[in-house]
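The values are calculated or read from the model by the stated rules, or taken from the named source; none is laboratory data. In this text, all values refer to a predicted model and were calculated from it rather than measured experimentally. Backbone-built Cβ (ideal geometry, glycine too); neighbour counts: all protein chains shown. Please note that ligands, DNA and RNA were not included when accessible areas were found on the heavy atoms of the full protein model with its side chains. Shrake-Rupley method; radii C 1.70, N 1.55, O 1.52, S 1.80 Å.
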Protein chains: 2
Amino acid sequence: MVSTDLTLQPFYWRATNLFPEKEIVSRGPDGKTRYTYQKFGDRTRALAGALSALGVESGDRVGTVGWNTHRHYEAYFAIPLMGAQLHTINAVLPDDHVEYIVNDAQDEVLLVDPGEPFKTIERLWDRFDDVREVIVLSDEHPKTDLDCVSTVEELVADADPLEWPDLSEDQPAGMCYTSGTTGKPKGVEYTQKMIYSHAMMVATPSAIGVDESDVIMHVVPMYHVNSWEFPFSAAMAGAKQVYPGPSPDPATLARLIEEEEVTLTAGVPTVWINLLDYLDDHDADISSLDRIVVGGSAAPSAVMRRFEDEYDVVLEHAWGMTETMSIGSVSRPKSHMHGWSREKRFEKRAKQGLLSPGVEMKLVDDNGEELPWDGESVGELYVRGPTVVSEYYNRPEANEEGFEDGWLRTGDIATVDADGYLELVDRAKDIIKSGGEWISSIDLENELMEHDDITEAAVIAVPHDRWRERPVACIKPKSGADLTADDVLAFLEESYPRWWLPDNIIFVDSVPKTATGKFDKKRLRESYEDADLPRAPGGSSEGNENVGDDD
Amino acid sequence: MVSTDLTLQPFYWRATNLFPEKEIVSRGPDGKTRYTYQKFGDRTRALAGALSALGVESGDRVGTVGWNTHRHYEAYFAIPLMGAQLHTINAVLPDDHVEYIVNDAQDEVLLVDPGEPFKTIERLWDRFDDVREVIVLSDEHPKTDLDCVSTVEELVADADPLEWPDLSEDQPAGMCYTSGTTGKPKGVEYTQKMIYSHAMMVATPSAIGVDESDVIMHVVPMYHVNSWEFPFSAAMAGAKQVYPGPSPDPATLARLIEEEEVTLTAGVPTVWINLLDYLDDHDADISSLDRIVVGGSAAPSAVMRRFEDEYDVVLEHAWGMTETMSIGSVSRPKSHMHGWSREKRFEKRAKQGLLSPGVEMKLVDDNGEELPWDGESVGELYVRGPTVVSEYYNRPEANEEGFEDGWLRTGDIATVDADGYLELVDRAKDIIKSGGEWISSIDLENELMEHDDITEAAVIAVPHDRWRERPVACIKPKSGADLTADDVLAFLEESYPRWWLPDNIIFVDSVPKTATGKFDKKRLRESYEDADLPRAPGGSSEGNENVGDDD
């Protein structure tokens, strides 16, 4: 029995044949572009035809450096459907990373947004090994000395639409690099089958639930695990899609939600905190919005409550990694919990939730022993499943560290409670090993973020002679707030033992961030590991007597 | 990149680990059995251990002849998860068919319900080639002369639970035979990957939408394309399940819906028509019920309306075949149709609807040319996709007829409208070729079923010298109704041209049915092809002048 391969082909078929009139809306510098799946399908075939004419063949890698636009979305289907591999490249990485990633992936053609992304590629041109063509995702030809540059609009206008070839489910269709907060970025490849399986999984109500009646606004950057893979589920379901363009501000997001009647969106907490702030001072009707999927880090519960109370919008925590194709778990109460008190439900919702269908997990301690699901035992999260990668591209040494007996070692330190809800305690590399015990930097950060006068908070480990490591908090106060280190420590002391309290509180103008918008703790650690910091008044490292010393 | 295989393993893992307390309820002769997914998981592993001890190995076929019970459900997971193949056998087939099917599949062990199914197996024992063990799905040992019979309860009690082996996604996990209204029954095999893909597809809101909060009652027989594969989606989602036991009557179904708060169920129209009749005369609270998925044949629109108006239950038409693992399309209005009039929406809902994700289709005429989607052009439906089989088991000559260039020839005659909605016109073998035109037996039957005094109606072709074929209707009137052939013809004439009207109206006590409950048109055709039937008054074969003759 040979069954038909799982590829993106039927998603394209379904969107363009069953929902030819459904709209894709894309915001650009000159306002909105609005077209149908039918037009999308035609342009996709034309783009594939153009790439084919440029010599792109099955198995070749085509890189994209772009924002969330319809033109980028066309590449999402054109490249895999012609049998090539879509390699989405983070548009805000430092030059060295872009150079490394493009060369490591052996990208032959790059599709690049005008402006900064194009300038980056132009600047790095001589450092690329294999790139021979650059296609600008625009209708305007940039001023450039490079002679292998065309615009996607001129290519699409002139191209012979491609007849889609037969595809194998095992051929690589996508590629992403992890953000690389430690060491060199690591590439992972997604096969046709993996993208198919992940999109179907996301569409089930057990994960996110994506339906034809949804209007999905893609706020997660399209280079960030393919905007958490929502664009694929959306096409499969025939949902209307909204692409908000480069770095949309809260005003733009609010306007798009109102005008396009967005029902579902996703992104990191900061985006939604900023949207709340904007809505405090501006009128916008976001009543169409049902759900926001939040990942990357946890949203403060105050933010979840405000969205629910004031806007009837449910924020759902999700967990995932580049290695799990984004969404791997989602937190919502089980049906029998609906009768619980709101507080108790929020305790569950604050977690990373239940693994999505297809994925399995276990918690493992330092000795490789499996830990019980008691909500207390802390260990490293291992996962496996059809949407979990099984290796890094071309990085045997990373594979050895990252995988074990068919399981991905996530590097996330977590607990699982008796109801099966996963809760991240910390990243393995961020957790603070103080004496023989662990202090969760994430716990402290989440608590700090609940303080009315704190806008950003990152907690890092600094080396300590006696306790091995001690926590230090970097805090950006709300503008105009009158906040002292003592205030901060007193606030934390309400919820945490003294030995958890940071030895130092450092007030900063802004917490440095990685290219994907996460707090850059690696940089913070480097900045502060040798610094002779003034001890915060009330700092508590001397109160650590209850903790055994493992040195 | 080798990704993890798509198998049933993660469904079992998710149900037993994330929803260990969720219930499975099973109605038997002594009342209800009620246990948790945890217990289900334990019993499933024990059953697999017992089968393993009986010598069942990876690749072996294990047949089941059973009703909808928890014991049968355990076999649904135990057999595929141990690497063997679950072969569900229709419990009400004639002996010759059962003999043929069991021998064709080379079943080695049979799991059989007590009562009639066991008697059938006992009676046929000497005619089986490979069967060596019979396990009765009961805790009572039947009186029998066979010496290789045990009960599942004694086996499970004594067994060492099996440690699940690694599975390959391409190994066959299931097997069903088509109902065989023409020729020998044909077997199809479902791989692990196909069951995984179909369950995920069914769970998406684009198909049925199955969620943890659902309570799913399996009314479709478990030997009928694995109860339309709902049991697999249910486990994946962690939904509560209700198994209503052997041939549940409307009173039982109504009581189970009320007591277990069923939200979702599925079955052929007759079941729901009978339930409506029952509810007319009896009190039962079915307010938990949201949706009934209806397939096999179309539900009369009056039935759909009554369920909606009186019980707030939505009936959704679905289409599928054994060859498409059941569900292949579902009919509900697209979101932009919600503003339409109810009549217009019902026109769409009466169709078989939109293909489910993963499946593609085309309409093909007698010359192999693809037909437009205009709602008028009538042709054979071809489908393909990861949930569509690509061959019949061990039947090269049937493959030649049934498949073409990777497409399944469904044998269904259909139209597709401009909105992409599939509508079945007839089975290729049932359509009536009168003159050069086609008359849909299904159209006439659906119209007849709308008549208040008609309970069952089957329309068949009988040979005709001049027109090649002419329609004849077999009708079971409502008991006590005073209905004449003239009444019936006059009723049809309101909606159809004279040349569509049946040449004869035959009143019967009951329309004969196949083992799967469909009208047995093959038997009807055989009964009436040579009969010298009295011409119905007003019969219209002489009014066929507007139709060209293709002889």
Filter the stretch B:330-356 for residues that are in a loop (DSSP other than H, G, I, E, B) and over 21 Å from B:Val293 (Cα atoms); the one that is nearest to the other protein chains (Cβ to nearest Cβ) is B:Gly339
In the stretch A:373-398, residues that are more than 11 Å from chain B (Cβ to nearest Cβ), over 16 Å from A:Gly411 (Cβ atoms) and open to solvent by less than 60 Å² (accessible area, probe 1.4 Å) total 2
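Tally time: how many residues in the stretch B:481-502 are outside any helix (DSSP H, G or I), of a type outside the set (Asp, Glu) and closer than 22 Å to B:Glu437 by Cα? I'd like the intermediate steps shown before the answer.
The first filter runs over the stretch B:481-502 and keeps only residues outside any helix (DSSP H, G or I), leaving B:481-484, B:494-497, B:501-502.
Filter once more, keeping what is of a type outside the set (Asp, Glu): B:481, B:483-484, B:495-497, B:501-502.
Then drop every residue that is not closer than 22 Å to B:Glu437 by Cα, which leaves B:495-497, B:501-502.
Count: 5.
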Can you tell me which residues in the stretch A:1-49 are at the interface with chain B (Cβ under 8 Å from one of its Cβ atoms), part of a helix (DSSP H, G or I) and of a type in the set (A, V, I, L, M, F, W, C)?
A:Phe11, A:Trp13, A:Leu18
Among the residues of the stretch A:234-268, count how many are touching a helix residue (DSSP H, G or I) at 6+ places or on another chain (Cβ under 7 Å) and either aliphatic (A, V, I, L, M) or more than 16 Å from B:Ser335 (Cβ to Cβ) (or both).
12
Give the residues of the stretch A:51-65 that are within 15 Å of A:Pro80 (Cα to Cα) and either open to solvent by less than 20 Å² (accessible area, probe 1.4 Å) or assigned to a strand (DSSP E or B) (or both), sorted by residue number.
A:Leu51, A:Val56, A:Arg61, A:Val62, A:Gly63, A:Thr64
Boolean, B:Asp281 is farther than 30 Å from B:Arg395 by Cα, open to solvent by 40 Å² or more (accessible area, probe 1.4 Å) and under 22 Å from the mean Cα position of the chain (by Cα):
no
For the stretch B:22-50, what are the residues that are open to solvent by 20 Å² or more (accessible area, probe 1.4 Å), in contact with a helix residue (DSSP H, G or I) (Cβ under 7 Å, 6 or more places away or on another chain) and not β-branched (Val, Ile, Thr)?
B:Lys22, B:Arg27, B:Gln38, B:Arg43
What are the residue pairs meeting all of these: first residue in the stretch A:213-230, first residue closer than 14 Å to A:Arg291 by Cα, second residue among the acidic types (Asp, Glu) and open to solvent by less than 10 Å² (accessible area, probe 1.4 Å), Cβ atoms under 7 Å, and 6 or more apart or on different chains?
A:Val215/A:Glu260
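Looking at the structure I just gave you, is A:Ser138 hydroxyl-bearing (Ser, Thr, Tyr) and out of contact with any strand residue (DSSP E or B) (no Cβ under 6 Å at 6 or more places or on another chain)? Full working, then the answer.
Numbers: hydroxyl-bearing (Ser, Thr, Tyr): yes; out of contact with any strand residue (DSSP E or B) (no Cβ under 6 Å at 6 or more places or on another chain): no.
Judged against the criteria, A:Ser138 is not a match.
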How many residues are open to solvent by 40 Å² or more (accessible area, probe 1.4 Å) and closer than 18 Å to B:Asp520 by Cα if we restrict to the stretch B:447-462?
2
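Looking only at the stretch B:66-82, count every residue that is hydrophobic (A, V, I, L, M, F, W, C) and either outside the structural domain of B:Val131 (by TED's automatic domain parsing) or open to solvent by 10 Å² or more (accessible area, probe 1.4 Å) (or both) and tell me the total.
Summing the residues that are hydrophobic (A, V, I, L, M, F, W, C) and either outside the structural domain of B:Val131 (by TED's automatic domain parsing) or open to solvent by 10 Å² or more (accessible area, probe 1.4 Å) (or both) in the stretch B:66-82 gives 2.
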For the stretch A:404-424, indicate whether the set of residues that are surrounded by 16 or more Cβ atoms within 10 Å (Cβ to Cβ) and free of Cβ contacts under 8 Å to residues at least 24 places away in the same chain is non-empty.
no
Boolean, B:Ala199 is touching a strand residue (DSSP E or B) at 6+ places or on another chain (Cβ under 8 Å) and not assigned by TED's automatic domain parsing to the domain that holds B:Cys176:
no
Selection status of B:Lys344, open to solvent by 10 Å² or more (accessible area, probe 1.4 Å) and in contact (Cβ under 8 Å) with a residue 12 or more places away in the chain
no
